[in-house]
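Some notes on the structure that comes next.
The values are calculated or read from the model by the stated rules, or taken from the named source; none is laboratory data. Here the structure is a predicted model, which is why all the values come from computation and not from measurement. In this analysis, Cβ positions are derived from the backbone assuming ideal geometry, glycine residues included, and neighbour counts consider all displayed protein chains. SASA here: full protein model, heavy atoms, side chains in, ligands and nucleic acids out. Shrake-Rupley method; radii C 1.70, N 1.55, O 1.52, S 1.80 Å.
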Amino acid sequence: MTDSSKIIDGKAFAEGLRARVATLAAAFERAAGRKAGLAVVLVGEDPASQVYVRSKGKQTVACGMASFEHKLPEDTTQEALLALVRRLNEDATVDGILVQLPLPRHLDEQAVVEAISPAKDVDGLTPVSTGRLALGLPGLVPCTPLGSLMLLKDRLGSLSGLDAVVIGRSILVGKPMAQLLLSESCTVTIAHSRTKNLADVVRRADIVVAAVGRAEMVKGDWLKPGATVIDVGINRVPALDAVAAAERKTRLVGDVDFASAVAVAGAITPVPGGVGPMTIAVLLRNALVAAHANAGIALGADAI
Ligand code: NDP
């Protein structure tokens with residue numbers, strides 16, 4: 001049986017974070033005379049993106065912020081999308097802009113991200129935000145790695161001096177995760193598809209962050225006993241039950257083989273219920289941080 005004290009409950013932590021955001025959003029509304037506002041732009045009909053966008057909108061409103069959803073057709077032109085982003089940049093009721101990725105292939109994702117005002121960059125993906133993170137300056141940080149860091153600090157307290165291995169080097173997760181761990185004075189290794197002897201690299205780590213996109217790749221015998229494991233992966237695989245699998249039913253698993261890893265790890269995030277719920281909660285947190293900065297209202301450095 002799994003030792004439940006090893007499980008890092010991201011769902012519960014995210015609930016607490018959303019409650020803190022809601023309290024501060026109410027205080028912001030009283031101080032600013034308007035709600036903090038988050039605009040989400042969705043282009044096309046991708047079903048997963050539609051689910052995310054609906055969930056983001058609902059949770060934004062539940063936290064007492066204004067949600068502006070812009071749904072554009074699949075054949076939207078680059079010019080039309082850029083014009084919308086520029087309008088949202090100028091709109092004083094919008095504090096945060098999120099363009100749901102991936103965009104349809106005919107659109108230039110990088111150019112669209114770069115058009116977002118850094119002051120409203122709640123996804124933390126513009127060159128200004130990524131540059132500020134690299135320089136160790138305050139700024140908006142990508143939601144999934146920031147949520148992962150929050151879970152780590154909540155579980156471990158100070159991370160100073162710990163050996164951390166981040167598997168994955170994407171702009172969205174791996175690279176900002178490594179920067180954040182470095183800013184907490186971890187000794188950081190970034191592993192990727194060309195890394196040699198990955199299991200040996202991972203075995204050195206006190207902290208393992210898996211952001212690979214390969215179902216159950218990291219095995220328990222890759223881990224140092226007692227390591228803290230953050231599983232960012234979200235992979236859909238056939239259901240375990242043969243009948244359900246034949247009916248094409250699926251289940252979600254992470255990039256870590258939970259069953260073998262939980263026996264060796266000191267603490268681990270489950271999938272689902274670990275990092276996943278943190279991403280939207282941190283998005284709301286980022287929108288509120290941006291709202292305070294945009295309205296010139298102070299927010300204590302550690303308020304949320
Ligand atoms: P990407 O596909 O952009 O990056 C994957 C990274 O993993 C790359 O750097 C790649 O290396 C590396 N990699 C691939 N195969 C291997 C391998 N065999 N060994 C070592 N490294 C490997 O994915 P993302 O960073 O966007 O996402 C990673 C995972 O996190 C996915 O499962 C995604 O669904 C999930 N995710 C979850 C979120 C959440 O809210 N919980 C949010 C965002 C993502 P290389 O650079 O060399 O190609």
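Based on Cα atoms of the stretch 206-304, Rg over Rh with Rh as the Kirkwood radius reads 1.15. Overall, the accessible surface of the chain at a probe of 1.4 angstrom is composed of carbon and sulfur to the extent of 55 percent. Across the chain, the convex hull enclosing all Cα atoms gives 142 Å³ per residue. In this structure the stretch 1-125 gives 51 Å² per residue of accessible area when probed at 1.4 Å with all protein chains present. By the helix-only formula, in which each DSSP H run with n ≥ 4 contributes -39500 (n - 2.57) and the sum is divided by residues, the chain has a 222 nm mean residue ellipticity of -13000 deg cm²/dmol.
May I ask for the angle, rounded to the nearest 10°, between helix 174-183 and the longest principal axis of the chain, with both axes built from Cα atoms and the value confined to 0 to 90°? With rounding to tens, the tilt is 90 degrees. Please work out whether the stretch 1-82 counts as rounded, prolate or oblate from its C-alpha gyration tensor, where a ≥ b ≥ c are the square roots of the eigenvalues and a/c under 1.5 means rounded, while otherwise a/b larger than b/c means prolate and anything else oblate? Oblate. When the Cα positions of 93, 160, 213 are compared along the charge dipole of the chain, 160 comes out farthest toward the positive end, with charges on each C-beta of Lys, Arg, Asp and Glu. Candidate cross-link partners of residue 56 among the aspartates and glutamates, defined by an alpha-carbon separation under 18 Å and a same-chain spacing of 8 or more, comprise 15, 45, 46, 69, 95, 121, 123.
Axis of helix 143-156 versus longest Cα principal axis of the chain: the two differ by about 50°, to the nearest ten degrees.
The heavy atoms of residue 173 present about 20 square angstrom of accessible area, all protein chains included, probe 1.4 Å.
Listed by chain and number, the aspartates and glutamates placed with their C-alpha closer than 19 angstrom to that of residue 224 are 3, 163, 200, 206, 216, 255, 257; residues fewer than eight positions away on the same chain are left out. Helix 276-295 axis versus longest C-alpha principal axis of the chain: approximately 30°, rounded to the nearest ten.
Taking every protein chain into account, the accessible area of the stretch 253-304 amounts to 32 square angstrom per residue (probe 1.4 Å). Under a 5 Å amide H cut-off, with hydrogens placed 1.01 Å from N, residue 122 pairs with 97 among residues at least 5 apart or on other chains. At q = 0.18, 0.28 Å⁻¹, what is the base-10 log of I(q)/I(0) for the stretch 179-234 according to the Debye formula with one equal point scatterer per Cα and no solvent? Please give it to two decimals. Taken in order of the listed q values, log10 I(q)/I(0) reads -0.61, -1.41. Couplings for the stretch 95-106, taken from phi via the Karplus curve 6.51 cos²θ - 1.76 cosθ + 1.60 with θ = phi - 60°, read 9, x, 10, 10, 9, 5, 9, x, 8, x, 4, 6 Hz in order; Gly and Pro are left as x. Sequence-ordered 3J(HN,Hα) estimates for the stretch 128-134 from the Karplus curve with 6.51, -1.76 and 1.60 and θ = phi - 60° stand at 5, 5, 5, x, 5, 4, 5 Hz, glycine and proline given as x. Ranked by the mean number of other Cβ atoms within 10 Å of their residues, highest first, the peptides 38-46, 233-241, 97-105 come out as 38-46, 97-105, 233-241. If you model the stretch 31-119 as an ellipsoid using its alpha carbon gyration tensor, with each semi-axis the square root of five times an eigenvalue, the axes come out at 22, 16, 9 Å, biggest first.
Taking the convex hull of the alpha carbon atoms in the stretch 13-53, what volume per residue do you get, in Å³?
70
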